[in-house]
Amino acid sequence: QVQLVESGGGLVQPGGSLRLSCAATGSGFTISAMGWYRQAPGKQRELVATVTRGGVANYADSVQGRFTISRDNAKNTIYLQMNSLKPEDTAVYYCNGQVSRNSGWSWNDYWGQGTQVTVSS
């Protein structure tokens, strides 16, 4: 059983910072690209940032320059450092990973349970 376990959400004032973590746990799997998505109330889930196994990152325009995604392959963990947070960043943040359980023959999307980030004064 492969699980993506998120942590680090919470309440922060505008202009503040938070760091999210997501660890892939289990055995007998390979994980490729990983990323963060978010969903605000009444809105569709949207991409925040992704990172390849080699460390190449991609960001949504709305977070470029404020958020940084990073990865520790040895721990199957990704991080999202969020700085200069704005009220519009308020959402449930979900971790995503491309996982293979058969040495790369096929890949499936795995999702974490989500962690709430609220930016408010």
Check your understanding: Can you tell me how many residues in segment 89-118 are under 17 Å from the mean Cα position of the chain (by Cα) and either outside any loop (DSSP other than H, G, I, E, B) or on the phi > 0 side of the Ramachandran plot (or both)?
Key -> 19
Check your understanding: modelled with pLDDT of 95 or more and among the small types (Gly, Ala, Ser): does that describe Gly114?
Key -> yes
Check your understanding: Any residue at all in segment 83-95 that is among the acidic types (Asp, Glu) and either touching a Gly at 6+ places or on another chain (Cβ under 6 Å) or farther than 15 Å from Leu18 by Cα (or both)?
Key -> no
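Based on what the data block shows, is Ser121 touching a residue at least 24 places away in the same chain (Cβ under 8 Å), among the hydroxyl-bearing types (Ser, Thr, Tyr), farther than 15 Å from Glu6 by Cβ and outside any strand (DSSP E or B)? If you could, list the steps in order and put the result at the bottom.
Working: touching a residue at least 24 places away in the same chain (Cβ under 8 Å): yes; among the hydroxyl-bearing types (Ser, Thr, Tyr): yes; farther than 15 Å from Glu6 by Cβ: yes; outside any strand (DSSP E or B): yes.
Judged against the criteria, Ser121 is a match.
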Practice item. Quickly run through segment 102-121 and pick out the residues that are surrounded by 11 or more Cβ atoms within 10 Å (Cβ to Cβ) and either under 15 Å from Ser27 (Cα atoms) or among the hydrophobic types (A, V, I, L, M, F, W, C) (or both). Key: Trp107, Tyr110, Trp111, Val117, Val119
Review point. Applying the selection to segment 74-101, what residues are closer than 23 Å to Pro41 by Cβ, out of contact with any Pro (no Cβ under 7 Å at 6 or more places or on another chain), open to solvent by 10 Å² or more (accessible area, probe 1.4 Å) and of a type in the set (D, E, K, R)?
Key: Glu88
Study note, to complete from the structure: Counting only strands (runs of 3 or more DSSP E) entirely within segment 1-70, those with at least 1 residues that are surrounded by 12 or more Cβ atoms within 10 Å (Cβ to Cβ) and in contact (Cβ under 8 Å) with a residue 24 or more places away in the chain are 3-7, 10-12, 18-25, 30-39, 46-51
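The values are calculated or read from the model by the stated rules, or taken from the named source; none is laboratory data. All values derive from a computational prediction rather than experimental measurement. When we count neighbours, we look across all protein chains shown, and the Cβ atoms used for this are built from the backbone with ideal geometry, even at glycine. Protein only, heavy atoms only, side chains kept; ligands, DNA and RNA dropped before computing areas. Shrake-Rupley method; radii C 1.70, N 1.55, O 1.52, S 1.80 Å.
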